[in-house]
1. Return the FRET efficiency for the residue pair Thr54, Ala111: r is the Cβ-Cβ distance, R0 is 35 Å, and the value is rounded to the nearest 0.05.
2. How are the alpha carbon pair distances in region 1-83 distributed across 10 Å bins from zero to the largest one, expressed in percent?
3. With +1 on each Lys and Arg Cβ and -1 on each Asp and Glu Cβ, and nothing else charged, work out how big the dipole of the chain is about its Cα centre, in Debye to the nearest 20.
4. Count charges around Pro20 for me, please; just the other residues with Cβ under 13 Å from its Cβ, Lys/Arg as +1, Asp/Glu as -1.
5. Can you find, among Val52, Leu29, Leu14, the residue farthest towards the positive end of the dipole of region 1-83? Put +1 on the C-beta of Lys and Arg, -1 on that of Asp and Glu.
Amino acid sequence: MRDRQTKCPMDALLRLLMGPWTTYILWVLRSTNEPVRFGELKRRVPGISAKVLTERLRLLERAQVIERRHIATIPPQVSYTLAPRGLELNGVLDKLNEVALRWNLVEQMSATEPVKQDQVDKVA
């Protein structure tokens, strides 16, 4: 996970998390309390290609944020869960969800009428 070009731990973490689809993948894995198979994960992240999902999962696995479980069956069963490092992000993901819900509500409210700051404060 560490980028050799930076000595800042926050920079390395943000580069990992802000990659395309990464936070969304983590949110989906966090939202389930059981291993998620590749196909199911792809269905739960609409619009992501199999190639990009594979790249993101490999990156997260190398960073020890997720765990990949492979069962040698026909066809092979591969599933993903959050690793301990990924579980550490639950609070951050929950806070992001709170902000997303609040922003969504404000956007819905502003679609019908202008929103004042005191209305936004009530949503918070």
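1. 0.40
2. Final binned percentages: 17, 50, 26, 7, 1.
3. Around 620 debye, computed over the chain.
4. Here the count lands on +2.
5. Comparing the listed Cα positions along the dipole, Val52 ranks first.
The numbers here are math on the coordinates, done by the rules we state, and not lab data. Since the model is a prediction, treat every value here as computed from it, not as a measurement. Using ideal geometry, Cβ is built from the backbone for each residue, glycine included, and neighbour counts are taken over all protein chains shown.
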